[in-house]
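The values are calculated or read from the model by the stated rules, or taken from the named source; none is laboratory data. Everything numeric in this text was worked out from a predicted model, so none of it was measured. Here the Cβ is made from the backbone with ideal geometry for all residues, glycine too, and neighbour counts use every protein chain on show. Quick note on the areas: whole protein, heavy atoms, side chains included, nothing else; ligands and nucleic acids left out. Shrake-Rupley method; radii C 1.70, N 1.55, O 1.52, S 1.80 Å.
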There are 2 protein chains.
Amino acid sequence: MTQAVRHDSMRARNLELVLGEVAGRGPLTRAALAELTGLTKSTVSKLVGDLLDAGFLAETGPARAGERGRPGVEVVLSGARVASLGLEINVDYLAVCLLDLARTVRFTERRERDNRGSRPEEVLGELQNLAEAALAAAEDLTVAGAVLAVSGPVGDGVLFSAPNLGWSDVRAADMLHLPVSVTLDNEANLGALGELWFGAGPSDFLFVSGEVGIGAGLVVDSALFPGTHGLAGELGHVVVSPRGPRCRCGASGCLETYAGQEALLEAAGVASVHELLGNLGTNDPAAVQATTAAGEAVGLALSSAVNLLDLDHVVLGGVFAPLFPWLAPAAETVLADRLGRLRGSVPTLAPSTVGGDAATLGAAGRTIHHVLADPGPFLTPAHPRRVR
Amino acid sequence: MTQAVRHDSMRARNLELVLGEVAGRGPLTRAALAELTGLTKSTVSKLVGDLLDAGFLAETGPARAGERGRPGVEVVLSGARVASLGLEINVDYLAVCLLDLARTVRFTERRERDNRGSRPEEVLGELQNLAEAALAAAEDLTVAGAVLAVSGPVGDGVLFSAPNLGWSDVRAADMLHLPVSVTLDNEANLGALGELWFGAGPSDFLFVSGEVGIGAGLVVDSALFPGTHGLAGELGHVVVSPRGPRCRCGASGCLETYAGQEALLEAAGVASVHELLGNLGTNDPAAVQATTAAGEAVGLALSSAVNLLDLDHVVLGGVFAPLFPWLAPAAETVLADRLGRLRGSVPTLAPSTVGGDAATLGAAGRTIHHVLADPGPFLTPAHPRRVR
């Protein structure tokens with residue numbers, strides 16, 4: 001290893017340390033940063049100076065020429081330089097979100113659209129338009145990357161199977177033509193990250209995404225647990241009852257056949273979640289009974305998940321968030337009945353505080369997370385400051 | 001941080017590096033160790049010298065006085081200095097195992113004993129006798145610690161609940177009076193480590209322990225996934241059918257009520273696993289049907305586990321290992337039916353190659369693992385070389 005390489009890797013590590021502390025704790029003085037990171041004050045001053053110049057950090061309070069770094073001045077993450085794009089294809093909507101480094105949402109749009117049985121080319125064409133609108137909103141920010149959330153298992157840039165869309169083996173990321181690289185990931189995994197970074201999620205929890213399909217993302221020690229192939233968290237296909245209704249995945253009695261959006265709406269005799277919520281508000285018996293039954297099925301599947309994963313906290317997202325007051329009590333009763341004696345405690349259920357934006361926020365946030373961990377490529381003068 | 005502390009922590013890290021390479025790869029020359037660890041040859045020579053003096057390493061080939069370290073001589077782990085004790089209380093047996101640092105079994109004993117409904121004091125008294133016999137067999141080895149495997153969820157030294165023993169909230173480790181510290185852990189978790197270290201387990205797999213109770217331990221990247229409280233892997237209480245038979249845990253339709261040893265023997269109309277295996281050997285219809293049904297239930301519970309955990313490999317241990325030829329095909333059919341379309345692949349099932357000793361081997365191996373990661377306390381001359 002040459003001295004230069006060693007110096008570069010130490011500088012990269014130190015930049016990550018400084019950005020990590022500011023991102024995690026908020027405004028900090030240089031002196032506080034030195035104490036938290038164990039670096040010398042002069043090293044911190046140099047690094048902070050570079051990050052200020054690059055537009056990654058900003059000083060708080062009124063800035064006066066030539067007075068950088070005076071005592072008491074704190075630095076915060078700045079959204080003035082880098083942004084990131086989050087995209088989502090779900091069964092009945094498309095969504096996009098542009099986030100800057102300070103995690104401020106610069107642009108967001110959600111378009112209701114029935115994607116069932118649509119050709120991938122057609123859906124991705126419409127998503128391309130949304131993405132271009134978001135990139136235009138980026139103005140002079142450098143867009144560091146895009147992550148596309150899809151409702152099915154994903155690997156090596158391929159959406160293996162999205163039974164609710166009728167898609168299989170779709171190279172969705174390659175079908176977008178954007179001036180930034182596009183990475184594919186599962187919407188429930190990204191929703192879990194969205195809840196972790198932007199919601200009230202604790203450091204360990206299971207995020208359940210209740211849409212037409214039901215997925216989940218497991219967060220352990222503030223990081224996503226991916227499984228061997230990034231396919232962990234398929235809660236929607238956990239057994240509720242082995243002789244239950246046929247599922248689109250080919251199995252029967254999966255959670256989705258009891259608590260997926262279509263099963264739920266059909267049981268409640270309504271056409272939309274909006275209508276279901278209205279009927280629940282007036283205590284319509286069919287609506288209450290359907291939502292309670294879905295909650296029981298969620299509780300059964302979660303009891304298996306808790307037994308396997310040892311969870312204390314479950315966050316219900318997607319349409320389960322607005323349905324929470326009717327759905328959660330039934331699920332909690334099943335969890336208490338099935339787990340109370342063996343474990344001595346029952347996990348808490350909470351509604352997502354991020355709501356339907358969890359996956360796009362997590363998608364955009366993932367690139368921000370990578371940039372904060374490795375800002376080097378954006379600090380060199382050679383790097384273009386604009387994408388378009 | 002003082003210079004001395006920094007030097008000590010670097011030495012500790014380097015000792016761990018050297019021991020880790022020898023433990024993982026087998027015999028290595030000092031030159032190979034320098035290349036693998038990135039340490040200088042003189043540092044490696046000093047560390048290897050200290051580890052030879054302490055009895056942690058031995059040179060291969062005939063040793064001649066004054067000739068240590070000549071080219072071509074390799075070093076291996078030595079079992080001459082440190083040993084570790086593995087203990088197990090299961091529903092129908094007690095077991096003990098003494099392992100040295102080279103992972104050679106120095107002593108092992110298994111005592112069949114019906115522990116159902118027995119008082120903890122009584123069972124632990126008999127285990128104390130077994131443990132003392134193992135410690136006597138340690139002779140002049142330093143016994144670094146003991147780990148006790150129990151068939152139920154465990155935390156902070158307490159066995160919360162072992163429904164099949166009729167025990168709850170038992171401080172089992174404190175009830176043994178041994179000259180070494182005793183740690184409590186779950187038998188399926190320890191069985192998974194036993195399979196990882198002593199069997200054919202790959203770096204990522206779910207180990208299923210089929211006894212009177214059914215547990216599981218998840219190995220990810222060659223380490224145990226513990227869950228929030230170390231309670232992950234309770235496969236025995238995953239839902240097979242929500243309106244199924246009542247389980248001792250208080251729930252109904254758990255996997256244990258279909259495929260636990262007692263359910264299986266009752267369905268086959270036999271009194272012991274030995275008898276069941278005999279009847280399977282002669283194609284007795286009741287035995288074949290009962291084992292096939294148990295295999296289907298195992299397949300159903302595993303399909304939920306694979307959906308949640310994204311597993312490629314499952315190892316069936318405990319009584320499921322000898323029953324594998326009759327049990328596994330039924331489980332594999334269910335897995336293929338339920339998972340084939342969504343995932344595109346189905347996990348492989350394999351019988352444990354360690355068999356009934358997995359938990360005691362994992363228990364004893366865990367202390368060896370800790371000693372290899374932090375040998376420092378055993379290298380100082382002040383440390384007593386004998387426990388008793």
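Annotations for the structure displayed:
- Residues of region A:188-208 that are of a type outside the set (A, V, I, L, M) and outside any strand (DSSP E or B): A:Asn189, A:Gly191, A:Gly194, A:Glu195, A:Trp197, A:Phe198, A:Gly199, A:Gly201, A:Pro202, A:Ser203, A:Asp204.
- Pairs where the first residue, in region A:353-381, is under 19 Å from A:Val18 (Cα atoms) and the second is basic (Lys, Arg) and open to solvent by less than 20 Å² (accessible area, probe 1.4 Å), C-beta under 9 Å, 6+ apart: A:Phe378/A:Arg81
- For region B:194-204, the count of residues that are of a type in the set (Phe, Trp, Tyr) and crowded, with 24+ Cβ neighbours inside 10 Å is zero.
- Looking across region B:139-186, the residues that are under 16 Å from B:Ser209 (Cα atoms), at pLDDT 90 or above and open to solvent by 10 Å² or more (accessible area, probe 1.4 Å) come down to B:Asp185, B:Asn186.
- Within region B:327-343, restricting attention to residues that are crowded, with 20+ Cβ neighbours inside 10 Å and over 25 Å from the mean Cα position of the chain (by Cα), the residue that is farthest from the other protein chains (Cβ to nearest Cβ) is B:Leu335.
- Answer from B:Arg171, B:Arg248 - the residue that is in contact with a strand residue (DSSP E or B) (Cβ under 7 Å, 6 or more places away or on another chain) and of a type in the set (Lys, Arg): B:Arg171
- Residue pairs whose Cβ atoms lie under 8 Å apart, separated by 6 or more positions or on different chains, with the first residue in region A:323-347 and more than 21 Å from B:Ala232 (Cα to Cα) and the second buried (at least 17 other Cβ atoms within 10 Å of the Cβ) and among the aromatic types (Phe, Trp, Tyr), are A:Leu327/A:Phe320.
- When residues of region B:146-187 are limited to those that are part of a strand (DSSP E or B) and of a type in the set (D, E, K, R), the one nearest to the chain's Cα centre (by Cα): B:Asp185
- Within region A:310-321, tally of residues that are within 24 Å of A:Ala290 (Cβ to Cβ), modelled with pLDDT under 95 and either within 14 Å of chain B (Cβ to nearest Cβ) or surrounded by fewer than 20 Cβ atoms within 10 Å (Cβ to Cβ) (or both): 0
- Within region A:221-247, the set of residues being more than 9 Å from chain B (Cβ to nearest Cβ) and either within 22 Å of A:Ala192 (Cα to Cα) or among the charged types (D, E, K, R) (or both) comprises A:Asp221, A:Ser222, A:Ala223, A:Leu224, A:Arg246.
- Tally of residues being under 30 Å from B:Gly55 (Cα atoms), β-branched (Val, Ile, Thr) and not in a strand (DSSP E or B) across region B:90-106: 1
- Among the candidates B:Ala102, B:Ala133, the residue that is open to solvent by 10 Å² or more (accessible area, probe 1.4 Å), in the same structural domain as B:Leu176 (by TED's automatic domain parsing), closer than 20 Å to B:Phe378 by Cα and free of Cβ contacts under 8 Å to residues at least 40 places away in the same chain is uniquely B:Ala102.
- Pair list, Cβ < 9 Å and 6+ apart or interchain, from region A:13-24 residues that are touching a residue at least 60 places away in the same chain (Cβ under 8 Å) to residues that are surrounded by 16 or more Cβ atoms within 10 Å (Cβ to Cβ) and among the β-branched types (Val, Ile, Thr): A:Leu19/A:Val371; A:Gly20/A:Thr37; A:Ala23/A:Ile368
- Residue in region A:233-240 that is surrounded by fewer than 17 Cβ atoms within 10 Å (Cβ to Cβ) and either under 19 Å from A:Gly317 (Cβ atoms) or not assigned by TED's automatic domain parsing to the domain that holds A:Gly365 (or both) present: no
- Among the residues of region A:5-61, those that are assigned to a helix (DSSP H, G or I), more than 13 Å from A:Val75 (Cα to Cα) and either of a type in the set (Ser, Thr, Tyr) or in contact with a Pro (Cβ under 8 Å, 6 or more places away or on another chain) (or both) comprise A:Ser9, A:Leu15, A:Glu16, A:Thr37, A:Ser42, A:Thr43.
- Inspection of region B:277-300 finds a residue satisfying the criterion of being within 13 Å of chain A (Cβ to nearest Cβ) and in contact with a strand residue (DSSP E or B) (Cβ under 8 Å, 6 or more places away or on another chain).
- Single residue of A:Val48, A:Val18 found to be under 23 Å from A:Thr104 (Cα atoms), open to solvent by less than 30 Å² (accessible area, probe 1.4 Å), out of contact with any Lys or Arg (no Cβ under 7 Å at 6 or more places or on another chain) and not acidic (Asp, Glu): A:Val18
- Residue match in region B:118-132 (condition: among the polar types (S, T, N, Q), assigned to a loop (DSSP other than H, G, I, E, B) and under 30 Å from B:Ala23 (Cβ atoms)): no
- Selection within region B:249-263: residues that are under 16 Å from A:Ser304 (Cα atoms) and open to solvent by 10 Å² or more (accessible area, probe 1.4 Å). The member of this set that is farthest from the other protein chains (Cβ to nearest Cβ) is B:Thr257.
- Close pairs (6 angstrom Cβ cut-off, 6 or more residues apart or separate chains): assigned to a loop (DSSP other than H, G, I, E, B) in region B:209-220, open to solvent by less than 10 Å² (accessible area, probe 1.4 Å) and not small (Gly, Ala, Ser) anywhere: B:Glu211/B:Asn90; B:Val212/B:Val91
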